[in-house]
1. Name the single residue, out of those in segment 25-48 being among the aliphatic types (A, V, I, L, M) and within 7 Å of ALA61 (Cα to Cα), that is farthest from the chain's Cα centre (by Cα).
2. Could you say whether any residue in segment 25-37 is of a type in the set (A, V, I, L, M, F, W, C) and touching a Pro at 6+ places or on another chain (Cβ under 6 Å)?
3. Taking segment 59-101 as the search range and keeping residues that are more than 14 Å from the chain's Cα centre (by Cα) and in contact (Cβ under 8 Å) with a residue 40 or more places away in the chain, which one is surrounded by the fewest Cβ atoms within 10 Å (Cβ to Cβ)?
4. Are any residues in segment 1-24 within 11 Å of the chain's Cα centre (by Cα), loosely packed, with under 14 Cβ neighbours inside 10 Å and of a type in the set (Gly, Ala, Ser), and if so, which ones?
5. Look through LYS90, LYS4, LYS17, LYS75 and report the one residue that is over 20 Å from VAL101 (Cα atoms), basic (Lys, Arg) and modelled with pLDDT under 95.
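The values are calculated or read from the model by the stated rules, or taken from the named source; none is laboratory data. Note that the structure is a prediction, hence the values are computed from the model and not measured. A quick note on method: Cβ atoms are made from the backbone with ideal geometry, for glycine too, and the neighbour counts reach across all protein chains shown.
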Amino acid sequence: MAAKLKKGDKIVVLAGKDKGKEGAIASIDPKSGKAVVEGVNVAIRHVRASQTDQGGRVPKAMPIQLSNLALLDSKGKATRVGFREEDGKKVRFAKTTGETV
């Protein structure tokens with residue numbers, strides 16, 4: 001099945017501790033159905049010091065379920081994603097506005 005959300009998409013969190021937060025998708029793991037979103041689901045990770053890095057407590061964005069994310073349309077509202085064919089190509093579109101993504 002084609003991916004409804006892709007890297008770089010602007011999204012909003014629908015459920016969880018970060019509900020309502022917005023951000024861009026940094027990476028996606030389709031096998032586990034999770035995505036890493038900048039500034040969302042942030043955890044503190046302890047990093048050992050090395051020759052190049054000082055180490056310490058580093059905030060890191062952790063993966064979040066794709067089902068808890070929704071694409072933002074041009075008006076800044078959460079929308080579902082649909083597929084249609086335009087000029088022989090399969091494209092994604094926002095269900096609320098009908099615009100291609």
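1. The initial filter retains those residues of segment 25-48 that are among the aliphatic types (A, V, I, L, M), namely 25-26, 28, 35-37, 40, 42-44, 47.
Of the ones still in play, those that are also within 7 Å of ALA61 (Cα to Cα) are 36-37, 40, 42-43.
On the way: VAL36: 6, VAL37: 5, VAL40: 9, VAL42: 13, ALA43: 16 Å.
In this case the residue turns out to be ALA43.
2. Scanning segment 25-37, I find at least one residue that is of a type in the set (A, V, I, L, M, F, W, C) and touching a Pro at 6+ places or on another chain (Cβ under 6 Å), so the answer is yes.
3. Among residues in segment 59-101 that are more than 14 Å from the chain's Cα centre (by Cα) and in contact (Cβ under 8 Å) with a residue 40 or more places away in the chain, the one surrounded by the fewest Cβ atoms within 10 Å (Cβ to Cβ) is LYS90.
4. Result: GLY8, single match.
5. LYS17
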